[in-house]
Amino acid sequence: MCIYGYVRISTPKQSMDRQVRNIKAAFPEAIIVKETFTGTKSSRPEWDKLYNCVKPNDSIIFDSVSRMSRNAEDGFRIYEELYNKGVDLIFLKERHIDTSTYKKALQNNIQMTGTTVDYILEGINKYLLSLAKEQIRLAFEQSEKEVSDLHQRTKEGIETARLNGKQIGRKAGSTITTKKSIAAKKSFKPTAGILAEP
């Protein structure tokens with residue numbers, strides 16, 4: 001039985017330290033798998049390796065549901081696939097959707113009585129199961145909404161800045177001089193006579 005901690009950031013400018021710290025505080029023995037990749041894509045190199053190597057009774061720990069997926073449909077599908085594979089999923093910030101909670105909802109069925117009351121009890125059992133599924137789905141939908149809201153706020157912020165006369169991006173025709181370009185120019189030494197007539 002292995003315990004993995006999956007840590008994901010979207011860009012190299014972000015830090016993984018907080019996620020690693022949170023996972024290690026709760027599960028010191030966790031093997032940390034790090035990834036720099038957007039969570040809106042279900043196929044990510046390190047995640048794919050982890051997904052393919054986990055076995056029944058292994059656990060994957062996430063700091064939050066958004067680290068697993070920021071796409072509601074993909075997130076819920078992957079959750080169910082791993083659950084059916086016997087892998088435990090633990091979300092430190094959303095413990096109510098851990099696979100252990102889902103498992104309890106499946107196991108805690110109200111016992112049938114062998115009477116006509118069973119029709120009602122069966123309905124209650126189905127309702128409790130669908131309620132558990134809905135909570136999981138909602139968590140992934142909230143994660144997806146956060147991305148959508150962030151994109152919208154960025155778009156609105158850029159438009160506000162533009163309307164207030166701020167320059168967005170580079171001015172047309174302007175050039176940027178970097179340390180690398182300066183160093184490249186200094187190291188470039190044209191060979192004398194290379195264009196001379198024979």
Check your understanding: Counting just the residues of region 1-17 that are modelled with pLDDT of 90 or more and exposed (fewer than 12 other Cβ atoms within 10 Å of the Cβ), which one comes out farthest from the chain's Cα centre (by Cα)?
Key -> Met1
**Study point:** Top-ranked residue of region 63-86 - restricted to ones that are open to solvent by less than 50 Å² (accessible area, probe 1.4 Å) and either of a type in the set (Lys, Arg) or modelled with pLDDT of 95 or more (or both), ranked as farthest from Gln19 (Cα to Cα)
**Key:** Arg70
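Residue under question is Ser100, and the condition is that it be modelled with pLDDT under 70 and either within 26 Å of Gly5 (Cβ to Cβ) or of a type in the set (Lys, Arg) (or both); does it hold? It would help to see each step written out before you state the result.
On the way: modelled with pLDDT under 70: no; either within 26 Å of Gly5 (Cβ to Cβ) or of a type in the set (Lys, Arg) (or both): yes.
Taking the combined requirement at face value, the residue does not satisfy it.
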Exercise for review: Go through region 146-189 and give me each residue that's acidic (Asp, Glu), modelled with pLDDT of 65 or more and under 23 Å from Thr38 (Cα atoms).
Suggested key: Glu146, Glu156
Check your understanding: Of the residues that sit in region 1-46 and are assigned to a strand (DSSP E or B), in contact (Cβ under 8 Å) with a residue 40 or more places away in the chain and of a type in the set (Ser, Thr, Tyr), which one is farthest from Gly75 (Cα to Cα)?
Key -> Tyr4
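The values are calculated or read from the model by the stated rules, or taken from the named source; none is laboratory data. Nothing here was measured: the structure is a model prediction, and the numbers come from that model. A quick note on method: Cβ atoms are made from the backbone with ideal geometry, for glycine too, and the neighbour counts reach across all protein chains shown. Side chains included, ligands, DNA and RNA excluded: accessible areas come from the protein's heavy atoms. Shrake-Rupley method; radii C 1.70, N 1.55, O 1.52, S 1.80 Å.
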